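Enquirer: Before I ask anything, let me first share the structure, which is written out below as structure tokens.
What follows draws every value from the coordinates through simple rules; no lab data is involved. All figures in this text were calculated on a predicted structure; none of them were measured in a lab. In this analysis, Cβ positions are derived from the backbone assuming ideal geometry, glycine residues included, and neighbour counts consider all displayed protein chains.
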Amino acid sequence: MATSLLRRTSIINNARRFKFPSSWCLSELLTEHFPIDNAVNENAIHRVSKGISFYSQVASGGGLPSSMRGAVFWEKGKPLSIEEFHIPRPKAGEVLVKTKGCGVCRSDLHVIKDENPFSSPCVLGHEITGEVVEHGPLTDNKTKERLPIGSRVVGSFHMPCGTCFYCSKGHDDLCEQFFAYNKAKGTLYDGETRLFLRSSGKPVYMYCMGGLAEYCVVLANALAVLPNLLPYTESAILGCAVFTAYGAMTHAAKVRPGDSVAVIGTGGVGSSCLQIARAFGAFEIIAVDIQDDKLDQAKTFGATHTVNAAREDPVGKIMEITGGKGVDVAVEALGKPQTFSQCTQSVKDGGKAVMIGLTQAGAVGQIEINRLVRRKIKIIGSYGGRARQDLPKLVRLAETGVFNLSNTVSRRYNFEEVDKAFADLNQGKIVGRAVIEIR
């Protein structure tokens, strides 16, 4: 073991004296001649967009740190606090990621406000980007090849196990393990958390991967490689805001060229729906909100019409725009009983009302039963995309410029400002999506 480490250090140090082309990956030369042990076991130096990656520093410096910081939600009414944790360790099929960016999502806010009860204390955050620094023991070689150490990645909030009844049929968005363990208990799929406070050793639960921390453990099935062209901060929203919108427009609504689409609520998810509707060739795209600044921005995302629901009846206006017929697809992206009703009333005969906005636990939406039956209205719930299928596609949409990430992310916060970020979200101060930068 000592000899192996000495050889590795010697090669890394001496390799800097040679002039390799900038496109070469030194890790390929290293692993071709010498095995690299433990955490430093492959791709010891991997080129990324901004110089030397974190993992290359680990490779030359001797290992992971012993602790990290994470933002903890304790209970309703108590601010999030940044605490010291032991570095989490991944198990088989899991990946340790050094977090670079984490989105600020209303789903987390529902937990903070106790509108959707979740196990606590917990670390929130569920749309992340970062760098792969370790694979769990017994992780298969195919996963290691797809997600090499040092690679830049984006993670979806929906973490499919890959083996349950639904995952085996390609319906990652209905993964039984995800709902039975992570959503119900705040753990990963062996029934255990990966987060433990450094001071006391007490466990802390995980909301999805617990992305509001300097490191997080993510199921490999929930990760896709992020190209160098795409920045860490803006790309974090691919894992929820864009991922949720894509699932709604692709699998639930099945938007086709020429369709008319209304999106009620134009925050991070709603504005993503607008962009995807435009990319899919929707003809009329109607944005509905109560804030003029959001509606102005909606026009840049593809909205052909905007409706301020604070000043005019959104259903009546949608009917006026569509010649009295209604839209082919209406999307509710806010999560309120009132907008649920507006969504169902806005679709044409045979149309689809797609619900993606989460709300307070126990809330009920209403619909006129006779219209539902006689007019063949379809009401469809959608909780996101399918990670293994869809996340790589979203990366390509962003990489080719079809989806504009930079305009969607309107606010950036430092890690120490995490509590302020959610306060701003609660007060309606964030237009589009905000991201916490974790360095």
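Enquirer: Looking at this model, which pairs from Lys100/Lys254; Lys294/Lys378; Lys91/Lys202; Lys76/Lys202; Lys113/Lys317 are more than 22 angstrom apart at the alpha-carbon?
Expert: Numbers: Lys100/Lys254 33 Å; Lys294/Lys378 28 Å; Lys91/Lys202 19 Å; Lys76/Lys202 20 Å; Lys113/Lys317 33 Å.
Flagged as over cut-off: Lys100/Lys254; Lys294/Lys378; Lys113/Lys317.
Enquirer: Can you tell me the length gained on complete extension of the stretch Asn141 to Lys393, counting 0.36 nm per residue apart and subtracting the Cα distance?
Expert: Values: separation 252, 0.36 × 252 = 90.72 nm, distance 2.30 nm.
Going from the current span to full extension adds 88.4 nm.
Enquirer: On a full-extension model of 0.36 nm per residue, what is the gain between Val373 and Leu229, subtracting their alpha-carbon distance, rounded to one decimal in nm?
Expert: Working: separation 144, 0.36 × 144 = 51.84 nm, distance 4.90 nm.
Gain on stretching Val373 to Leu229: 46.9 nm.
Enquirer: Continuing with this model, one more query. Excluding residues on the same chain fewer than 8 positions from Lys393, give the aspartates and glutamates whose Cα lies under 18 Å from its Cα.
Expert: Glu127, Asp172, Asp173, Glu234
Enquirer: Specify, per residue and in Å³, the volume enclosed by the convex hull of the alpha carbon atoms belonging to the range 119-172. Could you put the intermediate results ahead of the total?
Expert: Working: hull volume 7.3 nm³, N = 54.
Cα convex hull per residue, to the nearest whole number: 135 Å³.
Enquirer: Could you work out which residue, out of Arg386, Arg146, Arg194, moves most in a Gaussian network model of the chain, that is, has the largest mean-square fluctuation with Cα springs under 10 Å?
Expert: The residue with the greatest mean-square fluctuation here is Arg146.
Enquirer: Something else about it: For the range 254-381, what percent of Cα pairs sit more than 24 Å apart? Walk me through the intermediate numbers first.
Expert: On the way: 1457 of 8128 pairs.
In whole percent, the share of Cα-Cα pairs in the range 254-381 beyond 24 Å is 18.
Enquirer: Past the 23 angstrom mark, what percentage of all C-alpha to C-alpha distances in the range 320-402 do you count? Before the final figure, lay out each step's value.
Expert: On the way: 1250 of 3403 pairs.
In whole percent, the share of Cα-Cα pairs in the range 320-402 beyond 23 Å is 37.
Enquirer: Further, regarding this structure: Arranged by the count of other C-beta atoms within 10 angstrom, fewest first, what order do Ile237, Ile290 take? Let's see the in-between values first.
Expert: Working: Ile237 34, Ile290 16.
Least crowded to most crowded, the residues run Ile290, Ile237.
Enquirer: Sticking with this one: Mean residue ellipticity at 222 nm from the helices of the chain, using -39,500 (n - 2.57) per DSSP H segment of n ≥ 4 over the full residue count, to the nearest 500 deg cm²/dmol?
Expert: Working: 16 runs with 128 residues, N = 439.
Per the formula, -8000 deg cm²/dmol.
Enquirer: In Å, what Rg and Dmax follow from the Cα atoms of the chain?
Expert: When restricted to the Cα atoms of the chain, Rg and Dmax are 22.8, 78 Å.
Enquirer: Quick one: give the max-minus-min coordinate of the C-alpha atoms of the range 200-248 along each principal axis, largest first, in Å.
Expert: Between the extreme Cα coordinates on each principal axis of the range 200-248 lie 41, 28, 19 Å.
Enquirer: On to the next question. Quick check on packing: order 390-396, 197-203, 94-100, 353-359 by the mean number of other C-beta atoms within 10 Å, highest mean leading. Intermediate results must be reported in sequence, preceding the final value.
Expert: On the way: 390-396: 19.3, 197-203: 11.9, 94-100: 26.4, 353-359: 23.9.
Put in order of decreasing packing, that is 94-100, 353-359, 390-396, 197-203.
Enquirer: Here is a further query. Report, in cubic angstrom per residue, the convex hull volume of the C-alpha atoms of the range 222-297. Please report the intermediate quantities before stating the final value.
Expert: Details: hull volume 8.2 nm³, N = 76.
Here the figure is 107 Å³ per residue.
Enquirer: On a full-extension model of 0.36 nm per residue, what is the gain between Ala361 and Lys254, subtracting their alpha-carbon distance, rounded to one decimal in nm? Write down the numbers at each step before the final one.
Expert: Details: separation 107, 0.36 × 107 = 38.52 nm, distance 2.78 nm.
Length gained, Ala361 through Lys254: 35.7 nm.
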